[in-house]
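Report on the structure given below.
Since every read-out is calculated from the coordinates, none of them should be taken as a lab result. None of the values given here were measured: they were computed from a predicted structure. With ideal geometry, Cβ positions are generated from the backbone for all residues, glycine too; neighbour counts draw on all protein chains shown.
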Amino acid sequence: METIFLKKGEDRRLRVGHLWVFSNEVDVKRSPLTSFAPGQPVQVADAGGRVLGCGYVNPASLIAVRLVSRKADEGLGPDLLRRRLSDALALRQRMFDRPFYRLCHGEGDFLPGLVADRHGDHLVCQVTTAGMEAQTETLVSLLDELLHPASILLANDVASRSLEGLERFQKAALGTVPEETAIEENGMTYMVPLAGGQKTGWFYDQRVNRAALTPFVKAQPGCSVLDAFCYAGSFGALAAKNGAGSVSFMDASAQALDYARRNAASAGCEAETLQGDALGLLADLRREGRQFDIVCVDPPAFIKRKKDAKQGLEAYARVNELGLDLVKPGGMLMTCSCSHHLEAEALRNMVTRAAGKRRRFARLLFQGFQGPDHPIHPAMPETAYLKTFLFHLPE
């Protein structure tokens, strides 16, 4: 492998375990980035020539190199992929007794550029980097060898592929991918879309946080629940199964609302569905004077890049103010953010300030983050993205 040399002092982050080398950290006089091909395996060395590990390069990306090993001679190939995937599978099998989970979580499983979800007999993968793209055929073969799935879908239609200079597409890599499938979580069976679904079909990262809401639903049989930005109705349908009397789902996607309604019906609850821009719909509900015993707001990432921070913070503040106004006295607000750039304290303070302006008390009952099948790399704060808070708003 050829070597990429870092500028003096730019090795500190990597020495404590971080897996990314940014383009402005590379000594381009010694190792011109333009001389490397996208996805090419490389060694990474500090300014003194000491090898820090192996990875793959993309000269067109802000993240110029992603490390896959701390060893000097271990590039991304069949042996490393097999070992890492086997390790990821063994860890999930220790945590879950049923095959419904995120199987591989990129840097959290030391495989940058790969996300894979297991929905029973069906796998959905996202390959987001040029280096991992070069291993696609090997990846599919290894997943078939390890799990013998009925199908593997490559959901490679995410925007991050464009940043790597990769084509965006969705296709079956193995078998016939069904339009939908059943998944199991927290004692509930959900129908979810595969082909044409959002991201990888389901958001397993919220599993623990959904479960945290359940005791409060059970303690108030017949309670009313609003599940905003609901996708397939994960929070609301689980609430219906555990005794909620009414559930209202809110989402921009007609497909998502159809799945949410069906999932609630399977739990014995006829749900209300509200389609459109959630901020506008939340404001409409407030004007109508409606309130609910439990309100859950789980919006998409409003801050995908640092330059989006100002506008994104305003959107999060607005969502939480509207959500709080829709909570009955004595009710609950569960608020979530999947934006890495929004810190947990900032989200908590939004609710605190909103409650203070309205002269309402708020007390924090639960703080959660992404589930254990979405492991956090301890040296990479970028991998800790999900924040969830459950507030009680007493009378």
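Which residue fluctuates the most in the chain, going by a Gaussian network model with Cα springs under 10 Å, if the choices are SER35, SER151, SER234?
Of SER35, SER151, SER234, the Gaussian network model singles out SER35 as fluctuating most.
Once amide H atoms are placed 1.01 Å from N in the peptide plane, what residues at a sequence separation of 5 or more from LEU103, or on another chain, have their amide H within under 5 Å of its amide H?
Here ALA116, ASP117, ARG118 satisfy the definition.
Please get the size of the charge dipole for region 2-69, origin at its Cα centre, with Cβ charges of +1 on Lys and Arg and -1 on Asp and Glu, quoted in debye to the nearest 20.
Dipole magnitude for region 2-69 comes out near 160 debye.
So what's the projected area for region 188-273, the Cα convex hull averaged over all directions, in nm²?
Averaged projected area of region 188-273's Cα convex hull equals 4.9 nm².
Past the 32 angstrom mark, what percentage of all C-alpha to C-alpha distances in the chain do you count?
It works out to 39 percent of all Cα pairs.
Taking a ≥ b ≥ c as the square roots of the Cα gyration tensor eigenvalues, with a/c under 1.5 meaning rounded and otherwise prolate when a/b beats b/c, else oblate, which class fits region 183-393?
Since a/c stays below 1.5, the shape of region 183-393 is classed as rounded.
May I ask you to sort TRP202, TRP20 by Cβ crowding, counting other Cβ atoms within 10 Å and putting the fewest first?
Lowest count first: TRP20, TRP202.
Just rank ASP251, ASP27, fewest to most, by other beta-carbon atoms within 10 angstrom.
By the 10 Å Cβ count, ascending, the order reads ASP27, ASP251.
Compute the whole-percent fraction of alpha carbon pairs in region 2-69 spaced more than 19 Å apart.
Looking at region 2-69, the distances longer than 19 Å represent 14 percent of pairs.
Among the trypsin sites (Lys or Arg not before Pro) in region 334-395, which ones are in a DSSP loop with at most 14 other Cβ atoms within 10 Å of the Cβ? Mind listing them?
Of the trypsin sites (Lys or Arg not before Pro), the ones in loops of region 334-395 whose Cβ has at most 14 other Cβ atoms within 10 Å are ARG358, ARG359.
Angle check, please: helix 344-357 long axis (alpha carbons) against the longest principal axis of the chain (alpha carbons), in degrees 0 to 90, nearest 10.
It is inclined by approximately 20 degrees.
With unit charges on the beta carbons (Lys and Arg positive, Asp and Glu negative) and the dipole taken about the Cα centre of region 156-244, which residue among GLY201, PRO215, THR181 sits farthest to the positive side?
PRO215
When PHE229, PHE249 are ordered from fewest to most other Cβ atoms inside 10 Å of their Cβ, what list results?
PHE229, PHE249
Angle between the Cα long axis of helix 254-266 and the longest principal axis of the chain, 0 to 90 degrees, nearest 10?
60
Do you know the relative contact order of region 6-154, to the nearest whole percent, from alpha carbon pairs under 8 angstrom that are 6+ apart?
Relative contact order of region 6-154: 17 percent.
Output the pairs from LYS8/LYS304; LYS218/LYS307; LYS199/LYS241; LYS241/LYS304; LYS328/LYS387 with a Cα-Cα distance over 32 Å in this structure; if there are none, say none.
Going by Cα-Cα distance, LYS218/LYS307; LYS241/LYS304 fall outside the 32 Å limit.
Report relative contact order for region 2-69 in percent, whole number only (criteria: Cα-Cα under 8 Å, sequence separation at least 6).
Computed value for region 2-69: 37 percent relative contact order.
Give the long-range amide H neighbours of PHE292: residues separated by 5 or more places, or on another chain, with amide H under 5 Å away, using H modelled in the peptide plane at 1.01 Å from N.
Placed amide hydrogens put VAL327, LYS328 under 5 Å from PHE292.
Calculate one ³J(HN,Hα) per residue across region 161-176 by plugging θ = phi - 60° into the Karplus curve 6.51 cos²θ - 1.76 cosθ + 1.60, and present them in order as whole Hz with x for glycine and proline.
5, 5, 5, 9, x, 9, 5, 9, 7, 9, 7, 7, 9, 7, x, 10
Show that you can apply the helix-only estimate: for the chain, add -39,500 (n - 2.57) for every DSSP H stretch of four or more residues, divide by all residues, and state [θ] at 222 nm to the nearest 500.
It lands at -9000 deg cm²/dmol.
HN-Hα J couplings of region 29-43 from phi, Karplus 6.51/-1.76/1.60, θ = phi - 60°, integer Hz, Gly and Pro as x?
Karplus values, whole Hz, x for Gly and Pro: 6, 7, 9, x, 4, 5, 8, 9, 8, x, x, 5, x, 9, 8.
Using only the Cα atoms of region 223-338, what are the Rg and Dmax in Å?
Considering region 223-338 through its Cα atoms, Rg and Dmax are 13.8, 45 Å.
Can you compute 3J(HN,Hα) from phi for each residue in region 367-380, using the Karplus curve 6.51 cos²θ - 1.76 cosθ + 1.60 with θ = phi - 60°, rounded to whole Hz and x for Gly and Pro?
Result, rounded to whole Hz: 10, x, 9, 5, x, x, 7, 10, x, 8, 7, x, 9, 10.
Rg and Dmax of region 78-178, using alpha carbons, in Å: what are they?
That works out to 12.8, 39 Å for Rg and Dmax.
Between helix 278-287 and the chain, what is the angle of the helix's C-alpha long axis to the longest principal axis, kept within 0 to 90° and rounded to the nearest 10?
Helix 278-287 sits roughly 20 degrees off the main axis of the chain.
With a cut-off of 8 Å between alpha carbons and a minimum separation of six or more residues, what is the relative contact order of region 183-393 in percent?
18
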